[in-house]
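Have a look at the structure below, then the notes.
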């Protein structure tokens, strides 16, 4: 697994800093956040520094619900969604890649939740993210 790059506690990540690390994946970043702005304008995000991981993570929320966590790594970025078992059928039937479905099905449980992480490499990763955002927002 690639390491996070936003490790300076005193430097809050800006677009310029993020883009300097993710390079050509900036197009995927812009696509993801354009979708969020247009389709879910009530979704908010904020950067937080976490001492346990010694890096900045972006927490993306709608009201009190965490939609996903985002971390920047050299050359790209990744987002992680957490779902309860109640989402298993919906995730199994949705249009995301088989790899992501398998990741959820066989993933390690943390109390009552399991994660799905998308590492952004291709345009289809944005499509999968959009689908999972929709599922997450419908979960109680």
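Any idea which of 62, 37 is at negative phi and exposed (fewer than 14 other Cβ atoms within 10 Å of the Cβ)?
One residue alone meets the criteria, 37.
Taking the stated definitions as given, is residue 26 farther than 20 Å from residue 134 by Cβ and surrounded by 13 or more Cβ atoms within 10 Å (Cβ to Cβ)? Working first, answer last.
Numbers: farther than 20 Å from residue 134 by Cβ: yes; surrounded by 13 or more Cβ atoms within 10 Å (Cβ to Cβ): yes.
Answer is yes for this residue.
Conditions first: (1) in contact with a strand residue (DSSP E or B) (Cβ under 8 Å, 6 or more places away or on another chain); (2) touching a residue at least 40 places away in the same chain (Cβ under 8 Å). Residue 126 passes all but one, so which condition is the exception?
Going through (1) in contact with a strand residue (DSSP E or B) (Cβ under 8 Å, 6 or more places away or on another chain); (2) touching a residue at least 40 places away in the same chain (Cβ under 8 Å) one by one, residue 126 breaks only (1).
Being farther than 23 Å from residue 122 by Cα, in contact (Cβ under 8 Å) with a residue 24 or more places away in the chain and within 17 Å of the chain's Cα centre (by Cα): is that true of residue 29 here? Walk me through it before giving the result.
Details: farther than 23 Å from residue 122 by Cα: no; in contact (Cβ under 8 Å) with a residue 24 or more places away in the chain: yes; within 17 Å of the chain's Cα centre (by Cα): yes.
Spelling it out, it is not the case that residue 29 is farther than 23 Å from residue 122 by Cα, in contact (Cβ under 8 Å) with a residue 24 or more places away in the chain and within 17 Å of the chain's Cα centre (by Cα).
For residue 45, which of the numbered conditions (1) in a helix (DSSP H, G or I); (2) in contact with a helix residue (DSSP H, G or I) (Cβ under 9 Å, 6 or more places away or on another chain) fails to hold?
(1)
Report yes if residue 100 is in a helix (DSSP H, G or I), in contact with a helix residue (DSSP H, G or I) (Cβ under 9 Å, 6 or more places away or on another chain) and under 27 Å from residue 10 (Cα atoms), otherwise no.
In short, no.
Given the options 137, 119, name the one that is surrounded by 12 or more Cβ atoms within 10 Å (Cβ to Cβ) and either within 13 Å of the chain's Cα centre (by Cα) or closer than 22 Å to residue 56 by Cβ (or both).
Sole residue among the options that is surrounded by 12 or more Cβ atoms within 10 Å (Cβ to Cβ) and either within 13 Å of the chain's Cα centre (by Cα) or closer than 22 Å to residue 56 by Cβ (or both): 119.
Suppose the filter is at pLDDT 95 or above and more than 17 Å from residue 36 (Cβ to Cβ); does residue 135 pass it?
Taking the combined requirement at face value, the residue does not satisfy it.
Can you work out which of the residues in the stretch 71-94 that are out of contact with any helix residue (DSSP H, G or I) (no Cβ under 9 Å at 6 or more places or on another chain) and in a strand (DSSP E or B) is surrounded by the fewest Cβ atoms within 10 Å (Cβ to Cβ)?
Once the filter is applied, the top-ranked residue is 84.
Can you run down the residue pairs with Cβ atoms below 9 Å, 6 or more apart or on separate chains, where the first is in the stretch 40-64 and free of Cβ contacts under 8 Å to residues at least 12 places away in the same chain and the partner is in a strand (DSSP E or B)?
Close Cβ pairs satisfying both conditions: 48/56; 48/57; 48/58; 48/59; 50/56; 50/57.
Given (1) modelled with pLDDT of 95 or more; (2) assigned to a loop (DSSP other than H, G, I, E, B); (3) surrounded by fewer than 19 Cβ atoms within 10 Å (Cβ to Cβ), where does residue 1 come up short, assuming only one miss?
Failing condition for residue 1: (1).
Got at least one residue in the stretch 107-114 being over 16 Å from the mean Cα position of the chain (by Cα) and in a strand (DSSP E or B)?
For the stretch 107-114, residues over 16 Å from the mean Cα position of the chain (by Cα) and in a strand (DSSP E or B): present.
The values are calculated or read from the model by the stated rules, or taken from the named source; none is laboratory data. Because the structure is predicted, anything quoted here is derived from the model rather than measured. Reconstructed Cβ throughout: ideal geometry from the backbone, glycine too, with neighbour counts over all protein chains shown.
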